[in-house]
């Protein structure tokens, strides 16, 4: 039987950076390395994309505070 599994990895990285763009690039670089070093992520698990967006803690875009801002 062939079964498809849609999977999501969610996380929040906290790091020091001069700008939000720099923070995104730092995380992107680490994730690119992980994917490059682990071809099974693509070959077996079918990873197609990694996506993220920087935000300042406490901002309206903070997913952890989204319900509090509604």
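The values are calculated or read from the model by the stated rules, or taken from the named source; none is laboratory data. The model shown is predicted, which means the values in this text are computed figures rather than measured ones. Here the Cβ is made from the backbone with ideal geometry for all residues, glycine too, and neighbour counts use every protein chain on show.
When the criteria are applied in full, residue 54 meets the requirement of being free of Cβ contacts under 8 Å to residues at least 40 places away in the same chain, under 11 Å from the mean Cα position of the chain (by Cα) and farther than 30 Å from residue 2 by Cα.
Look at (1) touching a helix residue (DSSP H, G or I) at 6+ places or on another chain (Cβ under 9 Å); (2) loosely packed, with under 13 Cβ neighbours inside 10 Å; (3) at pLDDT 90 or above and you find that residue 45 fails only one, number (1).
Residue 33 falls short on exactly one of the conditions (1) under 16 Å from the mean Cα position of the chain (by Cα); (2) under 15 Å from residue 55 (Cα atoms), and that condition is (2). Could you go through the stretch 9-18 and let me know if any residue there is over 17 Å from the mean Cα position of the chain (by Cα), exposed (fewer than 13 other Cβ atoms within 10 Å of the Cβ), at pLDDT 95 or above and assigned to a loop (DSSP other than H, G, I, E, B). Yes.
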